Amino acid sequence: MRALTKLPGYLLALLILFFFACGEDAPQKSVSLEDIRPKAAQKNSLKAKENPADTLQAYLNYYANDSSGLGIAQIFLDSIRETHFLDRFTPVIQRFQLKDSSQQNYAYQRWIFKDSSSCTEAFYNWLDQAGKNKSSVGLNTGQIWSLNHAFFMIGKKEIILVSSSNPISVKNWVKWNTGTPDFRGFCYIFYAKPKKKTIWMNYTNNKIITL
């Protein structure tokens, strides 16, 4: 009988405990720093790591100990981004503005292709309209049309163009490029000068030979 008289008290106590348990907040899920970091900041961080200027700087530093004489003092991403005929053949393009220690400015453009066939095809298509008034240019003999000094280095899977309003040191740029980590030789090199004959060259046994 005593147990029966205590039963209502037990029930009341359980009811009170149940009431307070329901009133408590549900346990919160833990949040990491990655979850609360602004997404834009994450994207900007990735972009900073993939800055192509770092690649060119690494290339320049790679050969800086030799007497290449480039003397590049500053490197900027090209903000003008004028389109070039070669742009249609590959999406992998690097464009920079360079300034050397004498304050001479250069425009550096590099087109990277998936294989040698793609590179050669792009180069030949460009030659078909590289003359004055977009006329075809003969390989190793033709006249490249250019308003500035323009030096081309055609590699196995890349085409590099260095242009400037001032004369360009072919020897120094060839020497620099042959020292870069992924150099695989030149297919063609040539120097186009405003209103002057284009100079076509070969690079054999570490020597530049004018054709």
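The values are calculated or read from the model by the stated rules, or taken from the named source; none is laboratory data. Values in this document were obtained by computation on a predicted structure and should not be read as measured data. When we count neighbours, we look across all protein chains shown, and the Cβ atoms used for this are built from the backbone with ideal geometry, even at glycine.
I'd like the full set of residues that are farther than 26 Å from Asp115 by Cβ and either touching a Gly at 6+ places or on another chain (Cβ under 6 Å) or surrounded by fewer than 19 Cβ atoms within 10 Å (Cβ to Cβ) (or both), limited to the stretch 176-205. I'd like the intermediate steps shown before the answer.
So the first thing to find is which residues in the stretch 176-205 are farther than 26 Å from Asp115 by Cβ, and the list is 191-199, 205.
Listed by number, the residues that qualify are Lys193, Pro194, Lys195, Lys196, Lys197, Ile199, Asn205.
Could we say that Asp78 is acidic (Asp, Glu) and at pLDDT below 90 here? Yes, satisfied.
If we keep just the residues of the stretch 94-124 that are aliphatic (A, V, I, L, M) and buried (at least 18 other Cβ atoms within 10 Å of the Cβ), which is nearest to Lys156 (Cα to Cα)? Residue satisfying both the conditions and the ranking: Ala122.
Quick grid of which residues meet (1) modelled with pLDDT under 95; (2) within 17 Å of Trp111 (Cα to Cα); (3) in contact with a strand residue (DSSP E or B) (Cβ under 6 Å, 6 or more places away or on another chain); (4) in a helix (DSSP H, G or I):
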position: Gln143; (1), (2), (3), (4): no, no, no, no
position: Ala150; (1), (2), (3), (4): no, yes, yes, no
position: Ile154; (1), (2), (3), (4): no, yes, yes, no
position: Leu161; (1), (2), (3), (4): no, yes, yes, no
position: Trp176; (1), (2), (3), (4): yes, no, no, yes
position: Phe183; (1), (2), (3), (4): yes, yes, no, no
position: Ile189; (1), (2), (3), (4): no, yes, yes, no
position: Pro194; (1), (2), (3), (4): yes, no, no, no
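The residues of the stretch 77-102 that are assigned to a loop (DSSP other than H, G, I, E, B) and touching a residue at least 24 places away in the same chain (Cβ under 8 Å), listed by number, are Asp78, His84, Thr90, Ser101, Ser102.
Among the residues here, Ser102 does not qualify as at negative phi, over 17 Å from the mean Cα position of the chain (by Cα) and modelled with pLDDT of 90 or more. Right, Asn140: in contact (Cβ under 8 Å) with a residue 60 or more places away in the chain, of a type in the set (S, T, N, Q) and on the phi < 0 side of the Ramachandran plot or not? Spelling it out, it is not the case that Asn140 is in contact (Cβ under 8 Å) with a residue 60 or more places away in the chain, of a type in the set (S, T, N, Q) and on the phi < 0 side of the Ramachandran plot.
Residues are listed down the side, and each one gets a yes or a no for (1) modelled with pLDDT under 95; (2) surrounded by 20 or more Cβ atoms within 10 Å (Cβ to Cβ); (3) of a type in the set (Asp, Glu); (4) within 28 Å of Gly69 (Cβ to Cβ):
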{"position": "Trp126", "(1), (2), (3), (4)": "no, yes, no, no"}
{"position": "Gln129", "(1), (2), (3), (4)": "no, no, no, no"}
{"position": "Ser136", "(1), (2), (3), (4)": "no, no, no, no"}
{"position": "Ser164", "(1), (2), (3), (4)": "no, no, no, yes"}
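Taking Ile199, is it β-branched (Val, Ile, Thr) and out of contact with any helix residue (DSSP H, G or I) (no Cβ under 7 Å at 6 or more places or on another chain)?
Values: β-branched (Val, Ile, Thr): yes; out of contact with any helix residue (DSSP H, G or I) (no Cβ under 7 Å at 6 or more places or on another chain): yes.
So Ile199 passes the test.
Inside the stretch 191-209, residues that are touching a Leu at 6+ places or on another chain (Cβ under 9 Å) and under 15 Å from Ile168 (Cα atoms) make up a count of 4.
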